[in-house]
Amino acid sequence: MALAAFDAEAGAAAKPVAEVADAGAAFVLESKGTWWHAGFHLTTAIVGPTVLTLPYALRGMGWALGLTALSVIGAVTFYEYSLMSRVLDHCEARGRRHIRFRELAADVLGSGWMFYFVVTVQTAINTGVSIGTILLAADCLEIMYMSISPDGPLKLYHFIIIVAVALAFLSQLPSFHSLRHINFASLLLSLGYTILVSAACIGAGLSKDAPVKDYSLSSSKSDHTFNAFLSISILASVFGNGILPEIQATLAPPAAGKMMKALVLCYSVIVFAFYLPSITGYWAFGSKVQSNVLKSLMPDSGPALAPTWLLGLTVLFVLLQLLAIGLVYSQVAYEIMEKNSADAAQGRFSRRNLVPRLLLRTLYLAFCAFMAAMLPFFGDIVGVVGAVGFIPLDFVLPVVMYNIALAPPKRSPLFLANTVLMIVFAGVGAIGAFASIRKLVLDAGKFKLFSNNVVD
C-alpha cells in the first residue's frame with residue numbers, strides 16, 4: 001500500500017500542485033509563510049548544537065586547512081541551496097510548483113530509482129536527526145539532574161522518555177508553518193549558547209587550569225588523512241539540512257526570489273554562530289578538544305573550566321533548541337503519514353484526521369525514543385550521516401538538477417563549475433563515509449546497548 005502510494009506520487013510529480021492536492025500538502029506543508037519565516041525554519045535546520053563539534057572538526061585539520069574548509073563548505077552550501085531554490089522557482093514558473101524534495105527529483109531526474117533514493121536518504125536523515133535530538137536533549141537533562149542530585153536514581157532512559165513525551169505534545173502542532181514562532185525562538189537560543197560557549201572557551205583558555213595548547217596533528221600520515229576527511233564529513237553534517245524544498249514549500253506563492261532572502265538571513269546567523277565557537281574552542285583546547293566542546297569545559301576529572309551558572313544556562317539553551325530541531329526534522333515524516341492517512345476534504349482538526357495524527361506521530365516519536373535509548377552513541381554517527389546523507393542531497397543533487405533543469409551551455413563556466421562540484425563532493429562523500437565508518441569500527445568497544453552514558 002505504501003509503495004503503491006509512492007509510485008502514484010512519483011508519477012504525479014510533474015503535475016501542478018493544485019492537481020495533486022493531498023492532506024500532506026494541505027495540512028503539513030501549507031504555504032502561508034513569509035521569507036523571514038522560511039529563514040527561521042532554515043536556521044533551525046542548520047544552526048544547532050552540532051556547532052559545538054566544530055572545534056573538533058578543526059582538530060582534524062589544523063588552523064589553516066580547518067578554517068579554509070569551514071569557509072569553502074559554507075560558501076559551497078550557500079551556492080548549492082541557491083541553485084536548488086532557482087530550480088524550484090524555474091519549475092514553479094512553468095506551472096509545476098514542487099513542495100517535496102522527492103517530487104522535485106522525480107520531475108527533473110525522472111521518476112525511477114532516483115525518486116526512491118531521495119525518499120530513502122531523506123527519511124534516514126530525518127529519522128536519524130530525530131533520534132539524535134532526543135538523545136542529546138536527554139543527555140542535557142541528565143547533566144542538569146546530576147549537578148543537582150549526583151546520586152539520584154534517574155537514568156538516561158528516564159530522560160529520554162521525558163523528552164519524547166514533550167515532543168509528542170509539541171508534535172500536535174499541525175503544520176510546518178505553525179512552528180514559525182518556535183523557530184524564531186530557536187534562532188535566538190542558538191545565538192545565546194554560541195555566545196555563552198565562546199565566552200566560556202575564552203575564559204578557560206586564559207585560566208590557570210587551561211590545558212597546554214597543542215595544535216599538532218597526528219604523526220601518522222594515514223590517520224592524518226582519515227581525520228581530515230572525517231572532519232569534512234562533520235562539516236557537511238553541520239551545514240546540511242536535506243529539507244530545503246519542504247522549507248520553501250511553506251512560502252506563500254509565488255515563492256520566486258523569497259528563498260534567497262531566507263538564505264541570506266540564515267547565513268548571516270551562520271557566520272556568527274559557526275566561526276565564533278570554532279575559533280575559541282580550538283584555541284582554548286587545541287588537539288585535546290573533545291567531540292563536543294562542552295565536554296571539554298566540564299572535564300571528568302578536575303574542576304569545571306567555566307562558571308556553573310554559565311554552563312547550566314548553556315545546557316538549558318541547547319536543550320530547548322533541540323526540541324525545535326526535533327520538530328523541524330519530523331515534518332517530512334509527518335507529511336508522509338498525513339498524505340497516506342488523512343482526508344484533505346475534511347478539516348485538519350476533525351476527528352477523522354485528529355485521531356490518526358495523534359496516534360501516528362506519537363508512535364513515530366516512541367520509535368525514535370526507543371532507538372535513542374538502545375543506541376546511545378549517536379555522536380559517532382554524525383560523520384556517517386554527513387557523508388552518506390547530507391553530501392548527496394545538499395552537495396551533489398542541486399548542481400545536477402540545475403544543469404538538467406536550466407540547461408546552461410555545456411562549455412559554460414557555470415556548467416563546468418557545477419560538474420566539478422558534483423565530482424569532487426561525490427568523491428569526498430565516498431572517502432568521508434569510509435573514514436567515518438572506520439572510526440565507528442575503531443570505537444566499537446565503547447558502545448553498549450541501552451547504556452546509561454552517551455558515547456561521544
Carbon and sulfur %, accessible surface of the chain computed with the full protein complex present, 1.4 Å: 71
Compute the accessible area per residue over the stretch 112-241, keeping the other protein chains in place, probe 1.4 Å, unit Å². 43
Between I404 and A252, how high is the FRET efficiency from 1/(1 + (r/R0)^6) when r is the Cβ-Cβ distance and R₀ = 30 Å? Nearest 0.05. 0.60
Given I182, L322, G112, which one lies farthest toward the positive end of the charge dipole of the chain, if we put +1 on the Cβ of every Lys and Arg and -1 on the Cβ of every Asp and Glu? G112
How far, in degrees from 0 to 90, does helix 221-239 lean away from the longest principal axis of the Cα atoms of the chain, to the nearest 10? 50
Span per principal axis, largest first, for the Cα atoms of the stretch 135-251 (Å): 53, 44, 27
Extended-chain gain in nm, criterion 0.36 nm per residue less alpha-carbon gap, W309 and Q172: 46.0 nm
Rg to Rh for the stretch 84-137: what is it, with Cα atoms only and Rh by Kirkwood? 1.13
Electrostatic dipole magnitude of the chain [Cβ: Lys, Arg +1; Asp, Glu -1; Cα centre; debye, to 20]: 420
Pairing the Cα long axis of helix 35-46 with the longest principal axis of the chain, what angle in degrees results, from 0 to 90 and rounded to the nearest 10? 50
If amide H atoms are built 1.01 Å from N in the plane of the peptide, which residues on other chains or at least 5 residues away come under 5 Å of the amide H of A304? none
Divide by every residue of the chain the summed helix terms, -39500 (n - 2.57) for each DSSP H run of at least 4, and state the resulting mean residue ellipticity at 222 nm, rounded to the nearest 500 deg cm²/dmol. -22500 deg cm²/dmol
For the stretch 335-378 versus the stretch 257-293, the gap between their alpha-carbon centres in whole angstrom: 33
Over 18 Å between Cα atoms, which of K261/K339; K32/K261; K208/K288; K258/K339 qualify? K261/K339; K258/K339
Give the relative contact order (percent, whole number) for the chain; include only Cα pairs under 8 Å separated by 6+ residues. 33
Signed unit charges on C-beta, dipole axis of the chain, positive-most listed residue Q331, Y81, F27: Y81
Using only the Cα atoms of the stretch 150-200, build the gyration tensor, take square roots of its eigenvalues as a ≥ b ≥ c, and label the shape rounded, prolate or oblate: rounded if a/c is under 1.5, else prolate if a/b is larger than b/c, else oblate. oblate
Could you order the peptides 342-351, 44-53, 225-234 from most to least packed, using the average number of other C-beta atoms within 10 Å per residue? 44-53, 225-234, 342-351
Using amide H atoms built 1.01 Å from N in the peptide plane, name the residues 5+ places from L251, or on other chains, whose amide H lies under 5 Å from its own. G33
With the convex hull built on the alpha-carbon atoms of the chain, volume per residue in Å³ sits at 140
Fully extended contour minus Cα-Cα distance, from W36 to K208, at 0.36 nm per residue: 57.5 nm
Quick one: dipole size for the stretch 272-356, taken about the Cα centre, charges +1 on Lys/Arg Cβ and -1 on Asp/Glu Cβ, in debye to the nearest 20. 120
Treating only the Cβ of Lys, Arg, Asp and Glu as charged (+1, +1, -1, -1), what charge dipole size does the stretch 9-155 show about its Cα centre? Round to the nearest 20 debye. 260
Taking Cα atoms, how many degrees apart are the long axis of helix 2-12 and the longest axis of the chain, rounded to 10 and kept between 0 and 90? 60
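The values are calculated or read from the model by the stated rules, or taken from the named source; none is laboratory data. All of these numbers come straight from a predicted model, not from anything done at the bench. Neighbour counts run over all protein chains shown; Cβ positions are idealised from the backbone, glycine included. The protein model used for the area step is the full one, side chains on, heavy atoms only, and it has no ligands, DNA or RNA in it. Shrake-Rupley method; radii C 1.70, N 1.55, O 1.52, S 1.80 Å.
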